[in-house]
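Note sheet for the following structure.
The values are calculated or read from the model by the stated rules, or taken from the named source; none is laboratory data. These numbers come from a predicted model, not from an experiment. Note: ideal-geometry Cβ built from the backbone for every residue, glycine included; neighbour counts use all protein chains shown.
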């Protein structure tokens, strides 16, 4: 089973990447929960899923990659990162006090408390507890929101780090890598 963790500003049902995974693998193979917009609660919910379900592969996009990295410290699985946000407490500071309307109609305001909670989670991350040979990174060279060029030095033993041109933050090459995701999930890559 594959767990997809959506990025910031969307939900599991409204994520284009989650829907593309469902189209390819079928609904029964993809878990795509909408995580609560409170970092600690999101991590707890995702941890519960990891404990209860037979998750072989986790895919996280952008902010979902941050939550995915937190899970990788504790759970054995393959971890596929799509333009992950590694320092969301820093990158979201510029959006402090902004309100975001999610696709499900709910409003969310980026508060200092939200950013502080992210900072605590980031600072408690223990990269040495992560099996880097289970990490796969798919990154855009031209990501207009996040810089991914430090990832090879942070994760020197990652199984794969691949950069794509003309992909941007939304990672417009996602459909192109889905067959590779299938190989990773099946243990043949």
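Structural remarks
- Each residue in region 17-50 was checked for being within 12 Å of residue 61 (Cα to Cα) and in contact (Cβ under 8 Å) with a residue 60 or more places away in the chain, and 1 of them qualify.
- Answer residue from region 119-135, given it is part of a helix (DSSP H, G or I) and touching a residue at least 60 places away in the same chain (Cβ under 8 Å) and is surrounded by the fewest Cβ atoms within 10 Å (Cβ to Cβ) among those: 134
- Contact annotation: residue pairs with Cβ atoms under 6 Å, 6 or more positions apart or on different chains, pairing a residue in region 175-186 that is more than 13 Å from residue 58 (Cα to Cα) with a partner that is crowded, with 17+ Cβ neighbours inside 10 Å, are 177/138.
- Some residue of region 84-92 being part of a strand (DSSP E or B), at pLDDT 95 or above and under 12 Å from residue 5 (Cα atoms): no
- Residue check, residue 88 more than 17 Å from residue 138 (Cα to Cα), touching a helix residue (DSSP H, G or I) at 6+ places or on another chain (Cβ under 9 Å) and surrounded by fewer than 18 Cβ atoms within 10 Å (Cβ to Cβ): no
Yes or no, residue by residue, for (1) in a strand (DSSP E or B); (2) under 29 Å from residue 41 (Cβ atoms); (3) within 17 Å of the chain's Cα centre (by Cα):
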{"site": "105", "(1), (2), (3)": "no, yes, no"}
{"site": "113", "(1), (2), (3)": "no, yes, no"}
{"site": "117", "(1), (2), (3)": "no, yes, no"}
{"site": "137", "(1), (2), (3)": "yes, yes, yes"}
{"site": "146", "(1), (2), (3)": "no, yes, yes"}
{"site": "181", "(1), (2), (3)": "no, yes, yes"}
{"site": "184", "(1), (2), (3)": "no, yes, yes"}
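- Residue 97 vs. criteria surrounded by fewer than 17 Cβ atoms within 10 Å (Cβ to Cβ) and at positive phi: yes
- When residues of region 9-30 are limited to those that are surrounded by fewer than 20 Cβ atoms within 10 Å (Cβ to Cβ) and under 16 Å from the mean Cα position of the chain (by Cα), the one nearest to residue 87 (Cα to Cα): 9
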